[in-house]
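S.K.: Below are the structure tokens for one structure; questions will follow.
The values are calculated or read from the model by the stated rules, or taken from the named source; none is laboratory data. These numbers come from a predicted model, not from an experiment. Cβ sites come from the backbone with ideal geometry, for glycine too, and all protein chains shown count toward neighbours. The area values use the complete protein model at the heavy-atom level, side chains included, leaving out ligands, DNA and RNA. Shrake-Rupley method; radii C 1.70, N 1.55, O 1.52, S 1.80 Å.
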Amino acid sequence: MIASGLTDFVGDALDLQVQIDAIGLGAVIALMAVGIGLVFGVMRLVNFAYGQLIMAGAFALAYASDRDWPVGVGIALCFAVVLLLSLAMERVVFRPLRGQSAAVMLIATFAVAFLLQSIALLWFGPLGKTATSLVRLNRPVEIGGADIRKITIVTIVTAAICLVLLVALLNRTSIGLHMRAAAIDSQTARLLGVRANLVSTVSVLIAGALAAVVAVMLTVQFPTVTPTFALQETILVLAGVVVGGMTRLLSATLGGFFIGYVSGLLGGALPSAQSQYLPSLVFGLVILVLLIRPDGLFTRGRGLVERV
Amino acid sequence: MRTRRAAVELLGPALLVVAAGIVGALVSQTNQIYFITALISVATVVAIYVFVGNSGVLSFGHISFFAVGVWAAGVLSVPEAEKPATMPYLFDFLSSTTVGNVPSLLIAAAVGGVFAFLVGLPLMRLSGLAAGIATFAVLGITNNILRYYEKIGPGLNTFSSVPETTDLVQATVGAMLVIFAAFAYQRSRLGRQLRAAREDPAAARAVGVSIYRQRLMSFALSGFLAGFAGGLYIHFIPINIDAVYLDLTFITLAMLVIGGTTSLWGAVVGALFVSGLDSVLAEMEDGMTLLGRTIDLPSGSRIVVVSAVMALVLIVRPSGLTGGRELSLPKLRTAVAK
């Protein structure tokens, strides 16, 4: 009984369709992980309100599709809204809190998250709106006997392009160099002439652009935009970046991909009777990994601990 | 001198709670609900403070101890005759047992404490962000299981027909008990060791403090008190399990941080301040007459204002309204200086 259940599970998990869907979810979560990891690197701040940026972008898309604006205009509006909100957040909340304890900053972004969510609730109501202009991307194409939705392929390709562009920016430009320096040691970097405000603005803007990309991808898959849009994904990505390791952008990104992939796999392969316990399973895995490797799954060596 | 300072440290929070209780007794029946809610918030926030404040480790998991308190007190105190209707799939021993008000509160506390102890056994080795996410994972698992496992409770349905025994007196006494426990703990040897470890882990280890053991004990006590607060809550208002999840985690942590994380006084002030603000705004949503003018906010705007105020307080006063210090009388301080 258990053995046959297990073979079914493994069979389902190896299915091409499940695999590609899981990679698609992993790609979305990895993009969010980059956004969160980038801001954490420069400011030592975990931005819980990141999901609400995506929610705001999704509402912008829904707003545009309500008025039958062309797709391009909708996407431009989405980017504009998310980038403006990111800038405002950085100026009003992040900058004054620079240097505060991680707990204070996290709770402050918690407050911002609830603020944005409750404004959306007041404005659009609990049922939200629908963004339909890109829904045709949801149609499946057949590849190797599996029905793959076009959006999954678009998501994976877009995520790959974004990551390549980001790596190029970080490694080939001087602002990228400044950001990496600030992430390693912000005090020394400032002494050497790295402008803290510029670096934090740029990192928040890049994170915002990634949030806008994720908003476009997610609204295609889930066209109903509610005030709690992307909340599940935010919880997943926060667990993912810590599981991967917050100290480096690469390990945080890998952690995000890893948790997205695993939960996509489990969601696709679990029999429906057990699938309601999927969150418990994922969270259980998170606890297990954290106990074994508290500094992160993809980090090298152990963090320094002051010892007597 | 020392005892006087200790007396102020305890009497400040205690008097504030008693004052809230007395004012609550004077206002109308409908407004009394706000005061009971505020007093239960005090109990909850002080319970969280016992761990977070004394250890300096952020925990997102305390609402799961509150939730098992809600569950234990709720499922056990529904009258036996009503159980088949609301919770048809219940295990036999749960459906055939019904307990009264006080035993159910004690059981809620015990369940919260034992759960926290068991969870803490592995998790108290972690600190920093890893601890935050791991405790959050505990919250997610607790919510997920209580939500779908209908053999132990009503699942997503509301806990209906729980006797509503938490009145103003019980809420006041409950909040006082939690404050006394928190006070006794933080002045004990154990509490002082943990606070020392919060300030300087290496130095605390050097004088022989086992940080793991101190954190674990504080976590268990904190879970015990949170479970008790959960019991108080379910005896006050019928709720379903999703009412004790993310929103409550956010609002209680915000109360603690706004008041000042590192002091009992801060926990009590933060809980009463945010509850008070929330109540006034709730009244305004229903239309309130103030100085001859009617203020009528659209419904849903209160959480907008509350979260904006929270962000503002954190930006202007990151260490909270009380600065994270215990209450002390200014006169006493100058006397010492002389």
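S.K.: Against the condition among the hydrophobic types (A, V, I, L, M, F, W, C) and closer than 17 Å to residue B:266 by Cβ, how does residue B:20 come out, does it pass?
M.R.: Yes.
S.K.: Still on this structure, I have one more. For residue B:294, work out the one condition from (1) farther than 30 Å from residue B:11 by Cβ; (2) open to solvent by 60 Å² or more (accessible area, probe 1.4 Å); (3) within 14 Å of another protein chain (Cβ to nearest Cβ) it doesn't fulfil.
M.R.: So the condition that residue B:294 fails would be (3).
S.K.: Sticking with this one: Looking only at the stretch A:265-290, which residues are within 9 Å of chain B (Cβ to nearest Cβ) and more than 18 Å from residue A:237 (Cα to Cα)?
M.R.: Result: A:276, A:277.
S.K.: Which residues, taken from the stretch A:231-261, are among the aliphatic types (A, V, I, L, M), within 14 Å of another protein chain (Cβ to nearest Cβ) and either more than 19 Å from residue A:130 (Cα to Cα) or open to solvent by less than 10 Å² (accessible area, probe 1.4 Å) (or both)?
M.R.: Of everything in the stretch A:231-261, those that are among the aliphatic types (A, V, I, L, M), within 14 Å of another protein chain (Cβ to nearest Cβ) and either more than 19 Å from residue A:130 (Cα to Cα) or open to solvent by less than 10 Å² (accessible area, probe 1.4 Å) (or both) turn out to be A:235, A:236, A:237, A:238, A:239, A:241, A:242, A:243, A:246, A:252, A:259.
S.K.: Now for a different question. Any chance you could count how many residues in the stretch B:121-137 are more than 7 Å from chain A (Cβ to nearest Cβ) and hydrophobic (A, V, I, L, M, F, W, C)?
M.R.: The qualifying residues number 5.
S.K.: Anything in the stretch B:29-88 that is small (Gly, Ala, Ser), under 12 Å from residue B:231 (Cα atoms) and in contact with a Leu (Cβ under 7 Å, 6 or more places away or on another chain)? List them, or say none.
M.R.: B:43, B:67, B:73 - these are the residues of the stretch B:29-88 that are small (Gly, Ala, Ser), under 12 Å from residue B:231 (Cα atoms) and in contact with a Leu (Cβ under 7 Å, 6 or more places away or on another chain).
S.K.: Applying the selection to the stretch A:76-99, what residues are in a loop (DSSP other than H, G, I, E, B) and open to solvent by 10 Å² or more (accessible area, probe 1.4 Å)?
M.R.: If the condition is that a residue be in a loop (DSSP other than H, G, I, E, B) and open to solvent by 10 Å² or more (accessible area, probe 1.4 Å), then A:95, A:96, A:98, A:99 are the ones that fit.
S.K.: What's the total number of residues in the stretch A:56-105 that are over 17 Å from the mean Cα position of the chain (by Cα), away from every other protein chain (no Cβ under 14 Å) and among the aliphatic types (A, V, I, L, M)?
M.R.: Residues meeting the conditions: 13.
S.K.: Shifting gears a bit: Residues to consider are A:300, A:293; find the one that is out of contact with any helix residue (DSSP H, G or I) (no Cβ under 8 Å at 6 or more places or on another chain) and at the interface with chain B (Cβ under 10 Å from one of its Cβ atoms).
M.R.: Of A:300, A:293, the one residue that is out of contact with any helix residue (DSSP H, G or I) (no Cβ under 8 Å at 6 or more places or on another chain) and at the interface with chain B (Cβ under 10 Å from one of its Cβ atoms) is A:293.
S.K.: Could I ask something else about it? Out of the residues in the stretch A:106-153 that are within 21 Å of the chain's Cα centre (by Cα) and assigned to a loop (DSSP other than H, G, I, E, B), state the one that is nearest to the other protein chains (Cβ to nearest Cβ).
M.R.: A:131
S.K.: Any idea how many residues of the stretch B:214-261 are closer than 21 Å to residue B:57 by Cα, part of a loop (DSSP other than H, G, I, E, B) and more than 12 Å from chain A (Cβ to nearest Cβ)?
M.R.: 0
S.K.: Taking the stretch A:122-142 as the region of interest, how many residues are free of Cβ contacts under 8 Å to residues at least 60 places away in the same chain and of a type in the set (A, V, I, L, M)?
M.R.: 2
S.K.: Taking the stretch A:210-230 as the region of interest, how many residues are part of a helix (DSSP H, G or I), open to solvent by less than 30 Å² (accessible area, probe 1.4 Å) and either out of contact with any Leu (no Cβ under 6 Å at 6 or more places or on another chain) or farther than 14 Å from residue A:51 by Cβ (or both)?
M.R.: Number of matching residues: 7.
S.K.: If you don't mind, there's one more thing I want to ask. Looking at this structure, is residue B:59 outside any helix (DSSP H, G or I), open to solvent by less than 10 Å² (accessible area, probe 1.4 Å) and in contact (Cβ under 8 Å) with a residue 12 or more places away in the chain? So that I can check it myself, show each step before the final result.
M.R.: On the way: outside any helix (DSSP H, G or I): yes; open to solvent by less than 10 Å² (accessible area, probe 1.4 Å): yes; in contact (Cβ under 8 Å) with a residue 12 or more places away in the chain: yes.
For residue B:59, the condition - outside any helix (DSSP H, G or I), open to solvent by less than 10 Å² (accessible area, probe 1.4 Å) and in contact (Cβ under 8 Å) with a residue 12 or more places away in the chain - is met.
S.K.: OK, next. Counting only residues that are touching a residue at least 60 places away in the same chain (Cβ under 8 Å) and open to solvent by 10 Å² or more (accessible area, probe 1.4 Å), how many does the stretch B:258-274 have? Write out each step before concluding.
M.R.: Step one: of the stretch B:258-274, the residues touching a residue at least 60 places away in the same chain (Cβ under 8 Å) are B:258-272, B:274.
Filter once more, keeping what is open to solvent by 10 Å² or more (accessible area, probe 1.4 Å): B:261-262, B:265, B:269, B:272.
Number satisfying all stated conditions: 5.
S.K.: Do we find that residue B:121 is farther than 28 Å from residue B:267 by Cα and not small (Gly, Ala, Ser) in this structure?
M.R.: So residue B:121 does not fit the description; no.
S.K.: Can you tell me which of (1) surrounded by fewer than 24 Cβ atoms within 10 Å (Cβ to Cβ); (2) farther than 30 Å from residue B:153 by Cβ is the one residue B:194 doesn't meet?
M.R.: (1)
S.K.: Go through the residues of the stretch B:68-80 one by one and say whether even a single one is part of a helix (DSSP H, G or I), without any contact (Cβ under 8 Å) to a residue 40 or more places away in the chain, surrounded by fewer than 24 Cβ atoms within 10 Å (Cβ to Cβ) and more than 14 Å from chain A (Cβ to nearest Cβ). Even if it seems obvious, please write down each step before you answer.
M.R.: Going through the stretch B:68-80, the residues part of a helix (DSSP H, G or I) turn out to be B:68-77, B:80.
Adding the requirement that they be without any contact (Cβ under 8 Å) to a residue 40 or more places away in the chain leaves B:76, B:80.
From what's left, surrounded by fewer than 24 Cβ atoms within 10 Å (Cβ to Cβ): B:76, B:80.
In the following step, the residues that additionally are more than 14 Å from chain A (Cβ to nearest Cβ) were identified as B:76, B:80.
The answer is yes, given that some residue of the stretch B:68-80 is part of a helix (DSSP H, G or I), without any contact (Cβ under 8 Å) to a residue 40 or more places away in the chain, surrounded by fewer than 24 Cβ atoms within 10 Å (Cβ to Cβ) and more than 14 Å from chain A (Cβ to nearest Cβ).
S.K.: Kindly list the number of the only condition in (1) open to solvent by less than 60 Å² (accessible area, probe 1.4 Å); (2) hydrophobic (A, V, I, L, M, F, W, C); (3) modelled with pLDDT of 90 or more that fails for residue A:71.
M.R.: The one condition residue A:71 does not meet is (3).
S.K.: For the stretch A:107-126: of the residues being open to solvent by 50 Å² or more (accessible area, probe 1.4 Å) and among the aliphatic types (A, V, I, L, M), which is farthest from residue A:52 (Cα to Cα)? Before you say what the answer is, go through the steps one by one.
M.R.: Going through the stretch A:107-126, the residues open to solvent by 50 Å² or more (accessible area, probe 1.4 Å) turn out to be A:119, A:121-123, A:126.
Among the residues that remain, those that are also among the aliphatic types (A, V, I, L, M) are: A:119, A:121-122.
Values: A:119: 11, A:121: 12, A:122: 14 Å.
The extreme case among them is A:122.
S.K.: Inspect the stretch A:164-176 for any residue being closer than 30 Å to residue B:131 by Cβ, part of a helix (DSSP H, G or I) and more than 9 Å from chain B (Cβ to nearest Cβ) and give the result as yes or no. Talk me through it step by step, then tell me what you get.
M.R.: Applying the first criterion (closer than 30 Å to residue B:131 by Cβ) to the stretch A:164-176 yields A:166, A:170.
Still in the running and part of a helix (DSSP H, G or I): A:166, A:170.
Right, trim to more than 9 Å from chain B (Cβ to nearest Cβ) and you get A:166, A:170.
The answer is yes; a qualifying residue exists.
Let's see how each residue does on (1) open to solvent by 10 Å² or more (accessible area, probe 1.4 Å); (2) aromatic (Phe, Trp, Tyr); (3) part of a helix (DSSP H, G or I):
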position	(1), (2), (3)
B:136	yes, yes, yes
B:146	yes, no, yes
B:151	yes, no, no
B:174	no, no, yes
B:182	no, no, yes
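S.K.: Would you be able to say whether some residue in the stretch B:100-117 is open to solvent by 50 Å² or more (accessible area, probe 1.4 Å), farther than 23 Å from residue B:226 by Cβ and without any contact (Cβ under 8 Å) to a residue 60 or more places away in the chain?
M.R.: Looking for residues that are open to solvent by 50 Å² or more (accessible area, probe 1.4 Å), farther than 23 Å from residue B:226 by Cβ and without any contact (Cβ under 8 Å) to a residue 60 or more places away in the chain, one finds none in the stretch B:100-117, hence no.
S.K.: Please go through the stretch B:223-240 and give me each residue that is closer than 18 Å to residue B:153 by Cα and either in contact with a strand residue (DSSP E or B) (Cβ under 7 Å, 6 or more places away or on another chain) or of a type in the set (Gly, Ala, Ser) (or both), ordered by number.
M.R.: B:227, B:230, B:231
S.K.: Is it fair to say residue A:35 is under 18 Å from residue A:199 (Cβ atoms) and open to solvent by 10 Å² or more (accessible area, probe 1.4 Å)?
M.R.: Spelling it out, it is not the case that residue A:35 is under 18 Å from residue A:199 (Cβ atoms) and open to solvent by 10 Å² or more (accessible area, probe 1.4 Å).
S.K.: Of all residues in the stretch A:25-55, which are within 14 Å of chain B (Cβ to nearest Cβ), more than 19 Å from residue B:128 (Cα to Cα) and not aliphatic (A, V, I, L, M)?
M.R.: A:51, A:52
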